[in-house]
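Since the structure comes first, as structure tokens, the remarks are kept for the end.
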Amino acid sequence: MLTRRLFVACAALLAVSSGVGPSLMSPAHAQSADPGASAFIQKLGNDAIGTFSNKSLPKEQALQQFRALLHKGFDVPYIGRWVLGRYWNQATEAQQAEYQKLFEQLIVGTYAERFLEYSGETFKIAGSQPEGETDTMVTTQIVRPSGPPVNVNWRVRKKDADYKIIDVVVENVSMGVTQRQEFASVVQQNGGKIDGLIQALRQKVGKAG
């Protein structure tokens, strides 16, 4: 369910290194961009490259560090709620809890093996611009050992003194919006019931485990 584009974007960052909606690429406001957002992306990348280039780490330890980096860099609970859309409020507390758990497990289980296959990707920060009062869009270019570079924008939200990634825009395609559409399609195919999505996520997590 998580798209190939999302894997490319997140792997590029993690191997080198919602109030969110269709307006993610809205024009920049007059205020200047927060330099802390770019520094956050840069540091996350530096921390990640130190993890994934260390081939002496046992697999389980690497997976633990991957999960820590995921939560350090991405607002996973927020993203999980937003991509579920209006169905979040229709779900019971038990369904919400299981969905969030499965959502995280899906990300970790599906992509951890690939993230651990660090293959020399690097990235450079090309600039940043403000997005609303609390967000900054950090523009980067992923440079791959083979193939053309990939343009990736990271929407970073500041809350108090912390920064979190809340969306990834790969070649002008919002991963948050794409994931939201995919989840909505699964729910609709199951009569509008979130149980159908949860069951699909269980199967996905089981296959990835």
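Just one of (1) within 16 Å of the chain's Cα centre (by Cα); (2) modelled with pLDDT of 95 or more fails for Gln96. It is (1). So for segment 153-169 (the condition being crowded, with 21+ Cβ neighbours inside 10 Å, among the basic types (Lys, Arg) and at pLDDT 85 or above), does at least one residue qualify? Among the residues of segment 153-169, at least one is crowded, with 21+ Cβ neighbours inside 10 Å, among the basic types (Lys, Arg) and at pLDDT 85 or above, which makes the answer yes.
Can you confirm whether Asn46 is open to solvent by 80 Å² or more (accessible area, probe 1.4 Å), polar (S, T, N, Q) and closer than 18 Å to Val138 by Cα?
yes
Taken over segment 77-92, residues that are under 12 Å from Ile194 (Cα atoms) and in a helix (DSSP H, G or I) amount to 5. When Ile79, Ile49, Ile107 are screened for being within 19 Å of Val170 (Cβ to Cβ), of a type in the set (A, V, I, L, M) and modelled with pLDDT under 80, only Ile107 passes.
The values are calculated or read from the model by the stated rules, or taken from the named source; none is laboratory data. Just so you know, these numbers come straight off a predicted model, no measurement behind them. A quick note on method: Cβ atoms are made from the backbone with ideal geometry, for glycine too, and the neighbour counts reach across all protein chains shown. The protein model used for the area step is the full one, side chains on, heavy atoms only, and it has no ligands, DNA or RNA in it. Shrake-Rupley method; radii C 1.70, N 1.55, O 1.52, S 1.80 Å.
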